[in-house]
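The values are calculated or read from the model by the stated rules, or taken from the named source; none is laboratory data. This one's a predicted model, so the numbers in the text were calculated from it and none came from an experiment. Backbone-built Cβ (ideal geometry, glycine too); neighbour counts: all protein chains shown. Only protein heavy atoms, including side chains, enter the accessible area calculation; ligands, DNA and RNA are left aside. Shrake-Rupley method; radii C 1.70, N 1.55, O 1.52, S 1.80 Å.
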Amino acid sequence: MANSRFSLLDTPALLFALGVLGLLFGIEFFAILSLNEGSFTYTLDDPYIHLALAENLLHGHYGVNVGETSAASSSIIWPVILAPFSGWFFSALLLNALFAAATVYVLYRFMQQFMSNEVSYYVQTAILCVFIFASNLLGLSFMGMEHTLQVLAVVLIALGLVQMIERGTMPACLPIIIIVAPLVRYENLAISAAALCFLLLQKQYKVSLISGAVLFAALIAFSLLLISLGLGYMPSSVMAKNAVVQMNMQANTFLLHLTTNLTYRSGWVLLITDILLVIYALLPKGLAAKRQLAICTALAITLHLFIGRTGWYNRYEIYIGTFTLMVVLYLAWSYTYNNIQRKRWLYVVPAVPALLGVLYMSVPYVKDLFTLPLAANNVYEQHYQMHRFAADFYNKPVAVNDLGLVAY
C-alpha cells in the first residue's frame, strides 16, 4: 500500500495544505501588526526569556540576566538553536514557521506509507488541513517557543514507527530522533519511552537499550551542569509548573495531574482514546505490530495524563495529541479501508467517533486563531512598553513579574 514515489510537483495535496498554512500565517501576522501600530510581538512573554538566555549564551553565560545564572528555559536545546540568531527579533517566529511547514510535510509523507495510490487528492488535502488545526501549528508558531519543534520531533517518531511496520525495517535516523525529542521538551519523554518499548517488542533490543541509555545520560549530564552552576537539577520553569517534580513523585500528585487534565476537553478525549487503544491492542485479530503500536501509544497517553499538563494556551498537550492522532489515523485507516474494499459497511461505523473526537478536540485551537492578535497586543501594551521604559528611559535595575521582554 505504501507509495515511495515523491515529487513536489506531483503533490497537490501537500502544496494546497502548505498554502493554507502560509495564508493563515500571513493573516495572523498582519493582524498583529495592525493592532500593535506596526510592531510585532509574540503572544506570550516566555519566548523573550529564551531569546534573552540565547543572547547571553553567545557570551558564555547561562542565564537571563547578565551576572546571574538561571535555568529559565523549559527546553535544553532550544536556546542553543536560537543563540546564533538571538540578535534578530523575528528569529523564533521564522524558525517556528519553518518547523510548522516541515511538520505538514512529514504528515504528508506519513500518509504515503499506508494510503493507497487510489486515495483522492481531496481526501489527502482534507486530512492535512485538519492536522494543521488539530496540531495547533499556527497558535504554537506565534508563541515563539519550542513547541513546533516538539511537534515535529514526535511526528518524525510516528513516521519512523509506521515505516517499521510497513517496510519491515527500522529507519536509521529513528534512534537519533528518539534521543533528541526530550531535549526539545521534557514531556517528549513519554513519546520516546513508548517508542523504545515498541523497539523492544520488535526485538530491536540493542538499539532500544543503547538509545535509552544515551537519552538518559544526556538528561543526567544537563542536570549535573545545572547543579554545577548552583541551580536545581531541572529548569526552574519545569519545577514551577509540574507538581510531580515539585513533590518528588509523590502518589497524590499523580492523581492531581490526572484530575486537572480531565478538566479540559482534550484530557477527556485522550483518556477515551487511551481506553480504545488498549481494547484494540487486546483484539485477537490484526497484525501484531499494529497492536503493539497501539499499546505503546496508550502507555504514552497514560504517562502524559498522570505526569504531564494540559492547557496553558493550548500548548502543553499538543505533542501527545498529535502523536496519538497520527497513530489512530494509521490504525483506523487500514481497518476502515480494508472493510470498505470488502463492502462491509457496518465495520466502518467505529471510525465515526474517531473523526468526531478529532473535531471536538480541535475546537479550542480554532477559537484561539481569533485571539492570537489580541494576545500579542496584550504583550505589546504591557511587556513591550515596560521594556521601553526600562531600557530607554529609566535605565536602572527593575523588578517585574514577567521578565522576558524587559530583559531581552
Q | Residues of the range 41-100 satisfying the condition of being open to solvent by less than 40 Å² (accessible area, probe 1.4 Å), more than 19 Å from the chain's Cα centre (by Cα) and of a type in the set (Phe, Trp, Tyr) | A | Tyr48, Tyr62
Q) Taking Asn65 and the conditions (1) at pLDDT 90 or above; (2) under 22 Å from Leu224 (Cα atoms); (3) of a type outside the set (A, V, I, L, M), which numbered condition does it fall short on, given that it satisfies the others? A) (1)
**Q.** Hits in the range 284-340 - residues which are of a type in the set (S, T, N, Q) and either at pLDDT 90 or above or in a helix (DSSP H, G or I) (or both)
**A.** Gln292, Thr297, Thr302, Thr322, Thr324, Ser334, Thr336, Asn338, Asn339
Q. Can you name the number of the only condition in (1) of a type in the set (Phe, Trp, Tyr); (2) at pLDDT 95 or above; (3) open to solvent by 10 Å² or more (accessible area, probe 1.4 Å) that Tyr121 fails?
A. (2)
Q. When both residues are 6+ apart or on different chains and their Cβ atoms are under 7 Å apart, which pairs have a first residue that lies in the range 19-30 and is closer than 16 Å to Phe90 by Cα, and a second that is aromatic (Phe, Trp, Tyr)?
A. Glu28/Phe142
Q: Among residues belonging to the range 185-197 that are hydrophobic (A, V, I, L, M, F, W, C) and buried (at least 24 other Cβ atoms within 10 Å of the Cβ), point out the one that is nearest to Leu98 (Cα to Cα).
A: Ile191
**Q.** Residue ranges of helices (runs of 4 or more DSSP H) in the range 169-247 with at least 3 members more than 23 Å from Thr260 (Cα to Cα)
**A.** 174-184, 189-201, 205-228
Q | Count of the range 27-40 residues which are open to solvent by 30 Å² or more (accessible area, probe 1.4 Å) and among the aromatic types (Phe, Trp, Tyr) | A | 2
Q. Any idea which of Gln150, Gln113 is in contact with an Asp or Glu (Cβ under 6 Å, 6 or more places away or on another chain) and open to solvent by less than 20 Å² (accessible area, probe 1.4 Å)?
A. Gln113
Q) Could you say whether any residue in the range 109-124 is among the aliphatic types (A, V, I, L, M), free of Cβ contacts under 8 Å to residues at least 12 places away in the same chain and over 29 Å from Leu51 (Cα atoms)? A) yes
Q: Output the residues belonging to the range 311-321 that are farther than 13 Å from Arg185 by Cβ and crowded, with 24+ Cβ neighbours inside 10 Å.
A: Gly321
Q: Could you grab the pairs with beta carbons closer than 8 Å, sequence gap of 6+ or different chains, first residue in the range 128-143 and on the phi > 0 side of the Ramachandran plot, second one β-branched (Val, Ile, Thr) and in a helix (DSSP H, G or I)?
A: Asn136/Ile318
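The rows are residues; the columns are (1) in contact with a Ser or Thr (Cβ under 9 Å, 6 or more places away or on another chain); (2) at pLDDT below 90; (3) at positive phi.
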| position | (1), (2), (3) |
| --- | --- |
| Ser192 | yes, no, no |
| Ala195 | yes, no, no |
| Val207 | no, no, no |
| Leu224 | no, no, no |
| Ile227 | no, no, no |
| Ala240 | no, yes, no |
Q. Applying the selection to the range 165-180, what residues are touching a Phe, Trp or Tyr at 6+ places or on another chain (Cβ under 9 Å) and open to solvent by less than 60 Å² (accessible area, probe 1.4 Å)?
A. Ile165
Q | Those residues of the range 386-408 which are of a type in the set (S, T, N, Q) and under 30 Å from the mean Cα position of the chain (by Cα), in sequence order | A | Asn401
